[in-house]
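What follows is a short report on a single structure.
The values are calculated or read from the model by the stated rules, or taken from the named source; none is laboratory data. These numbers were taken from a predicted model, which means no experiment stands behind them. Here the Cβ positions follow ideal geometry from the backbone for every residue, glycine too, while neighbour counts run over all protein chains shown. Just so you know, the surface numbers come from the protein's heavy atoms only, side chains and all, with ligands and any DNA or RNA stripped out. Shrake-Rupley method; radii C 1.70, N 1.55, O 1.52, S 1.80 Å.
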Amino acid sequence: EAAVTQSPRNKVAVTGGKVTLSCNQTNNHNNMYWYRQDTGHGLRLIHYSYGAGSTEKGDIPDGYKASRPSQENFSLILELATPSQTSVYFCASGAGEQFFGPGTRLTVL
Amino acid sequence: GDSVTQTEGLVTLTKGLPVMLNCTYQTTYSPFLFWYVQHLNEAPKLLLKSSTDNKRTEHQGFYATLHKSSSSFHLQKSSVQLSDSALYFCALRPNYNVLYFGSGTKLTVEP
């Protein structure tokens with residue numbers, strides 16, 4: 001089964017600070033994704049990648065950057081965190097079927 | 001554009017009763033539909049998937065049939081159990097590798 005891990009699992013940040021969320025997958029999937037989950041909105045796509053060196057904007061990319069330095073790693077970067085970015089963030093990998101990581105709970109104060 | 005609609009935000013049922021969670025979609029491409037289940041404080045996991053029109057697909061007692069004529073992929077189970085309490089997401093994959101998720105339906109099963 002696909003293995004996707006995320007770090008940190010919980011993060012408290014201050015407004016205006018920089019936050020980096022990391023994701024690692026061990027199944028050699030080309031595609032990786034970052035979502036945020038908020039009550040009433042389901043899972044919304046922030047950024048995705050088709051492979052090392054590639055990043056694409058999803059539906060809600062504003063305020064977020066992404067980096068895919070290798071096949072295994074995909075990071076989500078909040079350069080200037082805001083309270084509206086308080087959410088649970090999920091990383092996923094795969095194509096037809098997506099395998100999700102355990103999530104990162106981010107609180108921006 | 002591509003989208004998924006789940007009309008019920010919250011469904012509460014007594015154990016042993018049947019359930020149907022609604023999912024309709026909009027796309028101009030040939031659709032691939034998914035149901036994901038997310039238990040409390042866990043990651044979403046795939047429950048069902050289908051791209052075949054009018055063919056029932058089943059897994060873990062749940063079943064769904066993709067109906068392209070009505071753009072629907074409703075999730076059903078004949079007898080819900082306490083362990084079925086979870087958040088259920090319908091998702092659409094158009095002809096490229098991006099999923100569009102519905103807003104989710106929280107199913108609560110009571111004794």
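Okay, here's what the table says:
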read-out: Electrostatic dipole magnitude of chain B [Cβ: Lys, Arg +1; Asp, Glu -1; Cα centre; debye, to 20]; value: 200
read-out: Within the accessible area of chain A (1.4 Å probe), percent carbon and sulfur; value: 49
read-out: Dipole in debye (nearest 20) - the range A:4-108, about Cα centre, beta carbon charges: Lys, Arg +1; Asp, Glu -1; value: 260
read-out: Chain pair B, A: total accessible area buried, heavy atoms, 1.4 Å probe, Å²; value: 1500
read-out: Net charge over other residues, Cβ less than 13 angstrom from the Cβ of residue A:19 (K, R count +1; D, E count -1); value: +4
read-out: Accessible surface, per residue, of the range B:67-111 when the full set of protein chains is kept, probe 1.4 Å, Å²; value: 40
read-out: Candidate lysines for bridging to residue A:65, where Cα separation is under 23 Å - those fewer than 8 sequence places away on the same chain excluded; value: A:11, A:18, A:57
read-out: Rounded to the nearest 20 debye, dipole of the protein assembly as shown from Cβ charges on Lys, Arg, Asp, Glu; value: 120
read-out: Intensity falloff of chain A expressed as log10 I(q)/I(0), Debye formula with alpha-carbon point scatterers, at q = 0.17, 0.18 Å⁻¹; value: -0.71, -0.80
read-out: Inter-centroid distance (Cα atoms) of the range A:40-75 relative to the range B:64-111, Å; value: 25
read-out: Whole-number D in µm² s⁻¹ for the protein assembly as shown, Kirkwood Cα-pair radius fed into Stokes-Einstein, 25 °C, 0.890 mPa s; value: 137
read-out: Space enclosed by the convex hull of the alpha-carbon atoms of the range B:3-110, per residue, Å³; value: 91
read-out: Whichever lysines have a C-alpha closer than 26 Å to that of residue B:55, once near sequence neighbours (fewer than 8 apart) are set aside; value: B:45, B:68, B:77, B:106
read-out: Among A:97, A:56, A:72, residue whose mean-square fluctuation peaks in a GNM of chain A (springs only between Cα atoms under 10 Å); value: A:97
read-out: Percent accessible area from carbon and sulfur atoms, chain B, protein chains only, probe 1.4 Å; value: 48
read-out: Dipole of the protein assembly as shown, positive end: most advanced residue of B:105, B:92, A:28 [Cβ charges, Cα centre]; value: A:28
read-out: Solvent-accessible area per residue, Å², over chain A with all protein chains present [probe radius 1.4 Å]; value: 45
read-out: Solvent-accessible area lost in complex, 20 Å² minimum, residues of the range B:90-111 relative to chain alone, 1.4 Å; value: B:93, B:97, B:98, B:99, B:100, B:101, B:103
